[in-house]
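A.B. asks: Sharing a structure with you now.
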Amino acid sequence: MKNILARGGIEFLAVLLGLSGSLWVDNSIKENEHKEQNRKILTRLYENMVSDSTDSVWNKNAYERAIRGSENVIKWCDSNPNVSMINDSIEKDISAMMIGVIFINNEEEYNALKNSGRMDLIDNEELIIKLHKYYTTLGFIKQIDALQVDYLFDKTIPFLQDYANAYHYDKDSKIYKTIPKINLIKLPNIQKLRFNASSKMYWQKYSYSMYTRLVKRVEEIRHLLRVELELEL
């Protein structure tokens, strides 16, 4: 009887150990699968960050030129200009003043990472925090960009169309080849032009400071992702 009980106990223990081992293997496989999935997501996220870096630098530089254009327009307005003072230089500055940009990025990979419920598989807590802050900030930046674009099409362009015969792409423009250039045919309302320039410059400086911080933030996240993915630094 004792032998039977002992043998039964051993068999039960063997089954228990077998089940435990099987569960451990299953959990280990699933854990590795989650890690591999996260690695793929983080790799694609890194590729998105490379694109975000290019776009954020471009937008930052665009706002820098826009600020310079607005400042020059204000100076021109303060010089008590007449129609003979309309030239290519002031037309380019007015065109620069009218620059409007929109930051376009891909949030699919970050959302996939959040929805996976396995952010804990990221080793670096700083990376998690910076990713959250980054994607939270983008919504506000896009709102400010959109407000400026709306102001351009709702206020500035309708105002200037009474004094111009073209707002077209100039392949020789040194502003940006994708920015249209205005062609004035008579002197605009100087008071209104100055107001437009000062209003736009206020928001342009605000956006420039935001994109300056954004460029730095993207660089930091790219570095942390390279460390996380063990890529060459």
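A.B. asks: Using the Cα centre of region 59-228 as the reference point, and only Cβ charges (+1 on K/R, -1 on D/E), how large is the resulting charge dipole? Debye, rounded to the nearest 20.
C.D. replies: Here region 59-228 has a charge dipole of around 460 debye.
A.B. asks: Under a crude label model (7 Å from the Cα following the beta-carbon direction), how far is ASN87 from THR212 in nanometres?
C.D. replies: Between ASN87 and THR212, the simple spin-label model gives 3.1 nm.
A.B. asks: Amide H neighbours of ALA164 under 5 Å, counting only residues 5+ apart in sequence or on other chains, H built in-plane at 1.01 Å?
C.D. replies: Correct list: ILE185.
A.B. asks: If packing is taken as the average count of other Cβ atoms within 10 Å, what order do 203-215, 129-141, 101-113 fall into, highest mean first? Could you put the intermediate results ahead of the total?
C.D. replies: Details: 203-215: 18.5, 129-141: 14.4, 101-113: 15.9.
Peptide ranking by packing, descending: 203-215, 101-113, 129-141.
A.B. asks: Test of understanding: what is the full-extension gain from MET119 to SER51, defined as 0.36 nm times their sequence separation minus their Cα-Cα distance?
C.D. replies: Details: separation 68, 0.36 × 68 = 24.48 nm, distance 2.27 nm.
That pair, MET119 and SER51, stretches by 22.2 nm at full extension.
A.B. asks: OK, next. Just name one of ASN106, VAL215, GLN161: the one whose Cα is farthest towards the positive end of the charge dipole of region 59-228 (beta-carbon charges, Lys/Arg +1, Asp/Glu -1).
C.D. replies: Looking along the dipole axis, the top candidate is GLN161.
A.B. asks: Students often get this wrong, so check it: of LYS40/LYS205; LYS181/LYS205; LYS75/LYS133; LYS114/LYS216; LYS114/LYS181, which have C-alpha atoms separated by over 32 Å?
C.D. replies: Among LYS40/LYS205; LYS181/LYS205; LYS75/LYS133; LYS114/LYS216; LYS114/LYS181, the Cα-Cα distance tops 32 Å for LYS40/LYS205; LYS75/LYS133; LYS114/LYS181.
Each value in this text was obtained by applying a stated rule to the coordinates, not by laboratory testing. Just so we're clear, the structure is a prediction, and the values are computed from it rather than from any experiment. Quick reminder, even Gly has a Cβ in these numbers, built from the backbone with ideal geometry, and neighbours come from all protein chains shown.
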